[in-house]
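Beneath this line is the structure, given in structure tokens, with notes to follow.
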Amino acid sequence: MSGRGLGFTGGTVDKLESIPGYQTKISMDQFIKNVKNIGISMISQTLNLVPADKKLYALRDSISCVESIPLIASSIMSKKIASGAQKIVLDVTVGKGAFMNNLEQARVLSNTMIEIGKIVGKQTVCVLTNMNEPLGYSIGNTLEVIEAVQFLKGNMPEDLKQVVLELGGYMIQLAGRGDDIEKNKVKLLENIKNGKAYDKFLELVQNQGGDITYLQDLNKLPKANYIEPIYSIKEGYIKEINSKEIGKLSCMLGAGRNKKEDSIDSSVGIVLNKKVTDFVQKNEPLAYIHANNEEKLEEVKKILKDVILIEGEKPSKEKTILEILS
């Protein structure tokens, strides 16, 4: 059960709704029925489930409380508890592109959610992950759906792969299906390689009204009117790709909301061509901007090249998985 995009962050509901026909607004009874029938469902908040959270979520940015740890913790945990989860694994992002800018803040948030879990008897594990640069290569709703489908078909960016396997490994452990996290990761990789994970995603989408032909042929998904590269002005190594600034630029293109009443343009966003520590030649593409408005395109082009920093020496690679708390 997820929310919509807020500020510079994306919302899982918005991403899945970029698949034509996919319905996130279903009843709690249907949600439970879906999980019983096919083992999976992804919906937005319902009117009769965590209704106060829905109102608070919409207000958080307008009352300058987006980064309030108590509100973040209660928002996340209320949905998990109310929807009946017995075991909870949480991805707590840390860094420039996250609400928690540093490990200390992330630990406070994680421990708050773990304590909430203990109060109601729900075992909770928090996986702290690095969000100083975007995870994977794509930023934008349809663009991230495309990357997710490609991931399930075996084309896995290394940082995204690490996060998925770590979260999945602990989900298997908490479910009592395997105590060894590394062996659990092998099981997950097997189910990606044999196509079961991709098939399950198609089943999830089709079960909630989505047209899976768009996932079977990704070229059918709506594309932006303008797709333009940003070129490197010098050679060197990528030192930084600021996640928060990339998120803001995607919002500027229409992929996110600056105000809660803003509408989303699913087809726009940014696709990176490089990751931090990669070497880049002069005039080599750093990223591609997907836009439907020429004025916004030009504005983002001016800013984006300053968000991706290049230096002569190769920087050290930061860890993707920072800590595990339980």
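The values are calculated or read from the model by the stated rules, or taken from the named source; none is laboratory data. Keep in mind that what you see is a predicted model, and the values were worked out from it rather than measured. Don't worry about glycine lacking a Cβ; one is built from the backbone with ideal geometry, like all the others, and counts go over all protein chains shown.
Of the residues Lys161, Lys183, only one is surrounded by fewer than 16 Cβ atoms within 10 Å (Cβ to Cβ) and part of a helix (DSSP H, G or I); which?
Exactly one of Lys161, Lys183 is surrounded by fewer than 16 Cβ atoms within 10 Å (Cβ to Cβ) and part of a helix (DSSP H, G or I), namely Lys183.
Is one or more of the residues making up the range 219-235 modelled with pLDDT of 95 or more, acidic (Asp, Glu) and either touching a Lys or Arg at 6+ places or on another chain (Cβ under 8 Å) or within 30 Å of Leu297 (Cα to Cα) (or both)?
yes
Given the criterion of a type outside the set (Lys, Arg), more than 30 Å from Pro315 (Cβ to Cβ) and touching a Gly at 6+ places or on another chain (Cβ under 7 Å), identify the matching residue among Asp211, Asp217.
Exactly one of Asp211, Asp217 is of a type outside the set (Lys, Arg), more than 30 Å from Pro315 (Cβ to Cβ) and touching a Gly at 6+ places or on another chain (Cβ under 7 Å), namely Asp211.
Among the candidates Ile238, Ile264, single out the residue that is at pLDDT 95 or above and surrounded by 12 or more Cβ atoms within 10 Å (Cβ to Cβ).
Ile238
Just name the residue that is nearest to Met28 (Cα to Cα) out of those in the range 192-205 that are in a helix (DSSP H, G or I) and over 21 Å from the mean Cα position of the chain (by Cα).
Ranking the candidates gives Lys196 first.
What pairs come up if the first residue lies in the range 304-319 and is more than 24 Å from Lys248 (Cα to Cα), the second is among the aromatic types (Phe, Trp, Tyr) and outside any loop (DSSP other than H, G, I, E, B), and their beta carbons are under 8 Å apart, counting only those six or more places apart or on different chains?
Gly312/Tyr237; Glu313/Tyr237; Lys314/Tyr237; Lys314/Phe279; Pro315/Tyr237
Tell me, yes or no, whether the range 142-162 has at least one residue that is polar (S, T, N, Q) and modelled with pLDDT under 95.
Checked the range 142-162: no residue is polar (S, T, N, Q) and modelled with pLDDT under 95.
List pairs: first residue in the range 17-40 and within 15 Å of Ala85 (Cα to Cα), second residue aromatic (Phe, Trp, Tyr) and at pLDDT below 85 anywhere in the structure, Cβ distance under 8 angstrom, at least six positions apart or on different chains.
Sorted first by the residue in the range 17-40, then by its partner, the list stays empty.
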